[in-house]
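Down below is the structure, laid out as structure tokens.
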Amino acid sequence: MIPVTEVAAAVLLRGDPAAPEFLLAQRPVGKVYAGYWEFPGGKVEAGETARQALVRELQEELGVTVDQAWPWVCCEFTYPHATVRLRFFRVTSWHGEITPIEHSGLRWLKVDEAASVAPILPANGPILRALALPAVYALTYAEELGPAAELARLEKALATGLRLIQVRDKTLPPAQRERFARAVVELVRPWNEWNGASVLINDDPELARAVGAQGVHLSSTRLWQSVRRPEFERVAASCHTAADLKRAAELGLDFVVLGPVLPTASHPDATGMGWPEFSRLTASSPLPVYALGGLQPEILETARSSGGHGIALLRGWR
Ligand SMILES: Nc1nc2c([nH]c(=O)n2[C@@H]2O[C@H](COP(=O)(O)OP(=O)(O)OP(=O)(O)O)[C@@H](O)[C@H]2O)c(=O)[nH]1
């Protein structure tokens, strides 16, 4: 078996939480991949946890003390020199002044500016794409609220920052679902052009194509039936188990939702896995994970401190 080098890496975030800047650092002469841009961090030493390594590395490399670090995604990558398992943390609070003690350069970037820095360590491409995903994934609920009211709710939410939408509404009659999906895509179109907002259609690639949606959201059943990633700009899936998460990663999807985390009215028979289990499952996910099930917007911080990228909401988004 190839030995795996454990690495802890930090995505330092500052500024507006809805459109933050993150820090990239340039590897100095003398290291492998000198001149490449990376997230600050380094190898986990014997006897350390990944979090302890992160805290130590940020002190050594940048001269700062971490106040808050939340586990995020974890990916493996094989370089000619080593196979690494990179545990990324979102670091939103620290003290001390950031100083390039070991790197040859530092750059703060907005997520849409990542392409302006090159070269980036090869393992980091998917990480930059994951960073661009918003905190909230809104699931439509026209079957209860009615299509007109749901479109009005969407219009308001787009104006205040909503960027990622799933047309769910599985029980609407097919013709009505198609009309509604088309109307959502039309409503989102200008936001797509200006801000990259996107619409994913739940479990129906044909409908997604017919209405010109940016993506498709696979049910866990379809996730297992799919032999390759469907050809859309964005593909996500519903996951409930570690095996589902692994499958979604193998298919190269963009993100997943995992749940139900808490008891929810839409699945009255399910008790919810709870945050400790959510945390355990997300710890080895290379894909960003949205928590789902019985959640309200105020729970975002809990989801993030438990390893989630964000939250998926059905009733609660606004
Ligand atoms: N810090 C960091 N390492 C990364 C990233 N992406 C990535 O593939 N790596 C890989 O993870 C490994 C980290 O090793 P490192 O050389 O930075 O470790 P270190 O700071 O402990 O240095 P040292 O080995 O000189 O003591 C390297 O193989 C590096 O290529 C990233 O974003 N940040």
Out of (1) among the basic types (Lys, Arg); (2) without any contact (Cβ under 8 Å) to a residue 60 or more places away in the chain; (3) out of contact with any strand residue (DSSP E or B) (no Cβ under 6 Å at 6 or more places or on another chain), the odd one out for ARG315 is which? (2)
Pairs, please: C-beta under 8 Å, at least 6 apart or cross-chain, first residue closer than 18 Å to ASP67 by Cα and in region 1-26, second modelled with pLDDT under 95 and within 11 Å of the ligand (Cβ to nearest atom)? VAL11/ILE127
Among the candidates ALA114, ALA130, ALA142, ALA138, which residue alone is more than 16 Å from the ligand (Cβ to nearest atom), surrounded by 18 or more Cβ atoms within 10 Å (Cβ to Cβ), of a type outside the set (Ser, Thr, Tyr) and within 24 Å of GLY15 (Cβ to Cβ)? ALA138
Return the residues of region 46-58 that are within 13 Å of the ligand (Cβ to nearest atom) and either touching a residue at least 12 places away in the same chain (Cβ under 8 Å) or not assigned by the TED database to the domain that holds ARG87 (or both); say none if nothing qualifies. ALA50, ALA53, LEU54, GLU57, LEU58
Tell me, which residue of region 17-40 that is more than 11 Å from ILE120 (Cα to Cα) and surrounded by 21 or more Cβ atoms within 10 Å (Cβ to Cβ) is nearest to the ligand (Cβ to nearest atom)? PRO40
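Okay, residues lined up against (1) of a type in the set (A, V, I, L, M, F, W, C); (2) touching a strand residue (DSSP E or B) at 6+ places or on another chain (Cβ under 9 Å):
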{"residue": "ALA197", "(1), (2)": "yes, yes"}
{"residue": "SER220", "(1), (2)": "no, yes"}
{"residue": "SER226", "(1), (2)": "no, yes"}
{"residue": "GLU250", "(1), (2)": "no, no"}
(1) farther than 18 Å from ARG129 by Cβ; (2) in contact (Cβ under 8 Å) with a residue 12 or more places away in the chain all hold for ARG229 apart from (1)
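Within region 1-16, take every residue that is within 28 Å of ASN195 (Cβ to Cβ) and more than 11 Å from the ligand (Cβ to nearest atom) and give me the one that is surrounded by the most Cβ atoms within 10 Å (Cβ to Cβ).
Filtering region 1-16 down to residues within 28 Å of ASN195 (Cβ to Cβ) leaves 9-16.
So of that shortlist, the ones also more than 11 Å from the ligand (Cβ to nearest atom) come out as 12-16.
Details: LEU12: 26, LEU13: 18, ARG14: 15, GLY15: 11, ASP16: 9.
The qualifying residue surrounded by the most Cβ atoms within 10 Å (Cβ to Cβ) is LEU12.
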Kindly indicate whether any position in region 220-233 is β-branched (Val, Ile, Thr), crowded, with 19+ Cβ neighbours inside 10 Å and farther than 16 Å from VAL256 by Cα. no
Pairs under 8 Å by beta carbon, first residue closer than 15 Å to ALA130 by Cβ in region 280-294, partner modelled with pLDDT of 95 or more and polar (S, T, N, Q), six or more apart or different chains? THR282/SER306; VAL289/THR282
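Can you find, within region 59-75, the residue that is farthest from the ligand (Cβ to nearest atom) among those that are surrounded by fewer than 16 Cβ atoms within 10 Å (Cβ to Cβ) and of a type in the set (Asp, Glu)? Quick ask: steps written out before the conclusion?
Taking region 59-75 as the starting set, the residues that turn out to be surrounded by fewer than 16 Cβ atoms within 10 Å (Cβ to Cβ) are 59-60, 63, 65, 67-68.
Of the ones still in play, those that are also of a type in the set (Asp, Glu) are 60, 67.
On the way: GLU60: 8, ASP67: 20 Å.
The qualifying residue farthest from the ligand (Cβ to nearest atom) is ASP67.
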Would you please name the residue that is farthest from the ligand (Cβ to nearest atom), looking only at residues in region 78-96 that are closer than 14 Å to ARG51 by Cβ and charged (D, E, K, R)? ARG90
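The values are calculated or read from the model by the stated rules, or taken from the named source; none is laboratory data. Note that this is a predicted model, so its numbers are computed, not measured. FYI the Cβ positions are ideal-geometry reconstructions off the backbone, even for glycines, and counts take in every protein chain you see.
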